[in-house]
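Only one structure is covered here, and it is reproduced in the block below.
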Amino acid sequence: MDLKEYIRSIPDYPKKGILFRDITTLIKNEKAFAFCIDQIVEKSKLFKFNKIAAVESRGFVFASAISYILKKPFILLRKKNKLPAETHSVDFQLEYGTATIEVHKDSFSKGDEVLIIDDLIATGGTAEAAAKLIEISNGKVAGFIFVINLFDLGGDEILKKKGYSSESLMNFPGH
């Protein structure tokens, strides 16, 4: 199955000059979504990890299914002020603005190896922030799996230069 056929491209969203790759058309198709999850499970075999993390919100869709299948704990990396207990926070740049993500301070223990799953990597700001958040929380980043890599925006290369392993199911240009 070619998962690219299930990705909708929307020009000038959320602002002019951005070509948004929409995964809602993939997840609304039960066969494409199941195939996508199966592919992420296969790619996960490349990593040694004991926890899964994902960034709010589209990453949750994929990571929760993987967590269920692999019987691994799933840790939420949430937007600022969404978690009720004490948190660690990281501010970062997006392709079209700035944001903050947080995690509960008790989410990771020393020695935890964490696989980060997200729907897409563009410039790498969110992924770098997720890695930093895990590391300041005593965890170690086992690697990343993305559904989509916007290869010409360089985020995947930034992760690799920083020593992180990264896998994607498909590649699209970002512009």
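The values are calculated or read from the model by the stated rules, or taken from the named source; none is laboratory data. A quick note: this is a predicted structure, and the numbers were derived from the prediction, not measured. Cβ coordinates were reconstructed from backbone atoms using ideal geometry, including for glycine residues, and neighbour counts include every protein chain displayed.
Is it the case that the range 137-148 has a residue that's within 12 Å of the chain's Cα centre (by Cα), at pLDDT below 95 and of a type in the set (Gly, Ala, Ser)? Within the range 137-148, not a single residue is within 12 Å of the chain's Cα centre (by Cα), at pLDDT below 95 and of a type in the set (Gly, Ala, Ser). Here Pro11 passes the criteria (1) under 30 Å from Lys110 (Cβ atoms); (2) touching a strand residue (DSSP E or B) at 6+ places or on another chain (Cβ under 7 Å); (3) loosely packed, with under 12 Cβ neighbours inside 10 Å; (4) free of Cβ contacts under 8 Å to residues at least 60 places away in the same chain except the one numbered (1).
Within the range 111-126, can one find any residue that is in contact (Cβ under 8 Å) with a residue 24 or more places away in the chain and surrounded by fewer than 17 Cβ atoms within 10 Å (Cβ to Cβ)? For the range 111-126, residues in contact (Cβ under 8 Å) with a residue 24 or more places away in the chain and surrounded by fewer than 17 Cβ atoms within 10 Å (Cβ to Cβ): present.
The one condition from (1) more than 30 Å from Lys28 (Cβ to Cβ); (2) in contact (Cβ under 8 Å) with a residue 12 or more places away in the chain; (3) in contact with a strand residue (DSSP E or B) (Cβ under 9 Å, 6 or more places away or on another chain) that Arg78 does not meet is (1).
Give Leu133, Leu83, Leu94, Leu76 a once-over and let me know the one that is within 23 Å of Cys36 (Cβ to Cβ), of a type outside the set (Ser, Thr, Tyr) and either surrounded by fewer than 20 Cβ atoms within 10 Å (Cβ to Cβ) or at pLDDT 95 or above (or both).
Leu76
Filtering the range 118-167 to residues that are among the hydroxyl-bearing types (Ser, Thr, Tyr) and either touching a helix residue (DSSP H, G or I) at 6+ places or on another chain (Cβ under 7 Å) or at positive phi (or both) leaves Thr123, Tyr164, Ser166. When the range 133-175 is limited to residues that are part of a helix (DSSP H, G or I), touching a residue at least 12 places away in the same chain (Cβ under 8 Å) and not acidic (Asp, Glu), the one that is farthest from Asn50 (Cα to Cα) turns out to be Leu153. In a residue-by-residue description of the range 48-55, the property of being small (Gly, Ala, Ser), closer than 30 Å to Lys105 by Cα and in contact (Cβ under 8 Å) with a residue 40 or more places away in the chain applies to at least one position.
Taking only the range 56-71 into account, find how many residues are surrounded by 14 or more Cβ atoms within 10 Å (Cβ to Cβ) and either free of Cβ contacts under 8 Å to residues at least 24 places away in the same chain or of a type in the set (Val, Ile, Thr) (or both). Going through the range 56-71 one residue at a time, the tally reaches 5. Within the range 24-38, is even one residue within 18 Å of Ala127 (Cα to Cα) and in contact (Cβ under 8 Å) with a residue 60 or more places away in the chain? No, every residue in the range 24-38 fails to be within 18 Å of Ala127 (Cα to Cα) and in contact (Cβ under 8 Å) with a residue 60 or more places away in the chain.
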